[in-house]
Amino acid sequence: MEPLKDCISNQISIANASLENILSMFETVELKKGEYFLHSGTVCRKMAFIETGYLRMYDIAHGKEITLWIGSGGKFITSLSSFVFQTSSLWNIQAVTDCKLHVITREKHLHLSEKDPKWLEFDNLLLARSFALLEQGAFAHLHTTAQERFDALMKNEPELFLNVPLQHIASMIGIAPESLSRLRKNHTK
């Protein structure tokens with residue numbers, strides 16, 4: 001759980017006792033490639049910190065898989081609206097590779113939120129970062145070209161291209177797989 005410990009302590013100032021209490025609420029879970037963390041249509045009752053591996057959030061629209069986001073090591077993943085409001089999830093969350101996760105249930109999350117102000121401080125940062133990512137993604141889809149979205153992803157997360165099927169990456173940046181192949185080919189020239 002060292003990466004989770006580092007993630008928390010690098011973002012907020014926290015006493016060791018509080019940090020250990022928070023970590024004790026997480027359970028380590030391993031998912032094999034292809035296994036699901038969450039199915040759309042179900043209520044999400046857990047959130048995960050990804051220690052290793054890749055998970056994707058996706059849905060199927062008109063018979064086509066649409067990838068919203070791909071989470072990698074050092075990031076948290078959940079269906080946020082379902083987790084918070086206990087509504088049916090709009091998204092599937094599936095392991096793209098074998099994954100090691102640290103999972104907290106909604107009940108333990110709420111307990112920590114009531115009992116430990118440091119968890120609440122950290123959780124507020126997570127929520128703010130989630131909204132910022134959503135805002136940046138929407139802006140990118142509206143105001144940047146496919147080339148610019150590809151370049152930004154290649155610069156910020158080049159390891160995705162080594163570990164995640166290209167059709168998922170193409171869907172996430174809003175282009176056809178053939179277009180992604182062209183962009184990659186042009187990038188290597």
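Need one word for the range 1-128: rounded, prolate or oblate. Basis is the Cα gyration tensor (sqrt eigenvalues a ≥ b ≥ c); a/c below 1.5 gives rounded, then a/b vs b/c decides. Judged from the Cα gyration tensor, the range 1-128 comes out prolate (a/c at least 1.5, a/b above b/c). Sorting the Cα pairs of the range 139-187 by distance into bins of 5 Å, from 0 upward, gives 4, 23, 36, 28, 7, 1 percent per bin.
Would you please classify the overall shape of the range 113-160 from the alpha carbon gyration tensor, given that a ≥ b ≥ c denote the square roots of the eigenvalues, rounded means a/c under 1.5, and beyond that prolate means a/b larger than b/c while oblate covers the rest? Can you show the working numbers first?
On the way: a/c = 6.28, a/b = 2.42, b/c = 2.60.
Judged from the Cα gyration tensor, the range 113-160 comes out oblate (a/c at least 1.5, b/c at or above a/b).
Here the contact order of the chain, divided by its residue count and restricted to Cα pairs under 8 Å and six or more residues apart, works out to 24 percent. Scalar couplings 3J(HN,Hα) for the range 16-32, obtained by applying the Karplus form with A = 6.51, B = -1.76, C = 1.60 to θ = phi - 60°, are 4, 4, 5, 4, 5, 4, 4, 4, 5, 7, 9, 10, 7, 10, 10, 10, 8 Hz; x denotes Gly and Pro.
Taking 0.36 nm per intervening residue step and subtracting the Cα-Cα distance, what contour gain separates SER130 from GLN11 on full extension? Please list the in-between numbers first.
Working: separation 119, 0.36 × 119 = 42.84 nm, distance 1.47 nm.
In short, 41.4 nm is gained.
Just to be sure I follow: if Rg is taken over the C-alpha atoms of the range 8-62 and Rh is the Kirkwood radius over the same atoms, what is Rg/Rh? Result: Rg/Rh = 1.07.
Based on Cα atoms of the range 39-189, Rg over Rh with Rh as the Kirkwood radius reads 0.99.
Going by the alpha-carbon gyration tensor, a ≥ b ≥ c the square roots of its eigenvalues, is the range 46-99 rounded (a/c under 1.5) or, if a/c is not under 1.5, prolate (a/b greater than b/c) versus oblate? It would help to have the intermediate numbers written out before the result.
Numbers: a/c = 2.71, a/b = 1.17, b/c = 2.32.
Here the range 46-99 falls in the oblate category.
When the Cα positions of GLY174, GLY73, ASN10 are compared along the charge dipole of the chain, GLY174 comes out farthest toward the positive end, with charges on each C-beta of Lys, Arg, Asp and Glu.
On full extension, the segment bounded by PHE161 and PHE139 gains 5.7 nm, given 0.36 nm per residue less the C-alpha separation. Placing dummy labels 7 Å off each Cα toward the beta-carbon, the span from LEU90 to HIS187 is 2.7 nm. Taking each of LYS75/LYS100; LYS32/LYS75; LYS32/LYS100; LYS75/LYS155; LYS33/LYS108; LYS5/LYS46 in turn, the alpha-carbon distance tops 20 angstrom for LYS33/LYS108. Charge dipole (Cα centre; +1 on Lys/Arg Cβ, -1 on Asp/Glu Cβ; no other charges) of the chain amounts to roughly 480 debye. The amide H of THR42, built 1.01 Å from its N in the peptide plane, has SER89 as neighbours under 5 Å, considering only residues 5 or more places off or on other chains.
Only the coordinates and a few stated rules stand behind these numbers; no lab work does. The structure displayed is predicted, hence computed values, not measured ones. Glycine also receives a Cβ, built like all others from the backbone with ideal geometry; neighbour counts cover every protein chain displayed.
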